[in-house]
Amino acid sequence: MSAELNDIFDDANGSLALGEFDEAIAGYRKCVELDPEFFDGWQALGMALMKVGEIKEAIGCGLQAVTLEPNDLLAWTALSQMYVQDENIPEAEAAKQNATILGIGGKVDKTREHRPL
C-alpha cells in the first residue's frame with residue numbers, strides 16, 4: 001500500500017470514528033479509486049454506506065470485497081448483514097452460509113460466482 005493510500009485510509013477511519021460519515025465515505029471512495037483491488041477500502045466503504053442507509057451501493061462494495069478475498073469471514077458476514085437490510089433473505093442466507101463455512105475452518109469455492117438470485 002502506498003503512503004498516500006495509507007494516509008487517506010487512516011483519515012477516513014478517523015472520520016468514521018468521529019461519526020463524520022460523508023467524509024469517511026469520500027475517503028474510502030478515493031482509496032478504491034486509487035487501488036481498485038484494495039480489499040480493506042471496499043470493505044470499509046461498504047460498511048460506511050450501510051451505516052448511512054445506502055444499501056444497494058453497500059452490497060456492490062460487499063460483493064467486490066468477497067470477490068477480492070473470497071475466504072474472509074468478516075466480508076461474508078458484512079455482506080449478509082447488507083442483504084438483510086435490503087430484505088433479500090435468500091442472498092443473506094447464502095452469504096451467511098459462506099461465513100459459517102469459513103468459521104468452521106472451510107474454504108469458499110472460488111470458482112462459484114456469488115450473484116443475486
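The values are calculated or read from the model by the stated rules, or taken from the named source; none is laboratory data. Given the structure is predicted, the values throughout are model-derived calculations rather than measurements. So basically every Cβ, Gly included, is an ideal-geometry build from the backbone, and we count neighbours across all protein chains shown.
Side notes on the structure shown:
- Within region 82-92, considering residues that are assigned to a helix (DSSP H, G or I) and not small (Gly, Ala, Ser), the one farthest from Val52 (Cα to Cα): Pro90
- Within region 14-30, residues that are among the hydrophobic types (A, V, I, L, M, F, W, C) reach partners that are surrounded by fewer than 19 Cβ atoms within 10 Å (Cβ to Cβ) and outside any helix (DSSP H, G or I) with beta carbons closer than 7 Å, at six or more positions or on different chains, in the pairs Phe21/Val52.
- Odd one out for Leu73, checked against (1) within 13 Å of the chain's Cα centre (by Cα); (2) closer than 26 Å to Asp109 by Cβ; (3) surrounded by 18 or more Cβ atoms within 10 Å (Cβ to Cβ): (3)
- Unique match (being in contact with a Ser or Thr (Cβ under 9 Å, 6 or more places away or on another chain), at pLDDT 95 or above and more than 28 Å from Met1 (Cα to Cα)) among Glu93, Glu87: Glu93
- Tally, over region 10-31, of residues that are aliphatic (A, V, I, L, M) and under 19 Å from Met82 (Cα atoms): 3
- Selected residue (criterion: farthest from Trp76 (Cα to Cα)) from residues of region 4-60 that are β-branched (Val, Ile, Thr) and surrounded by 15 or more Cβ atoms within 10 Å (Cβ to Cβ): Ile8
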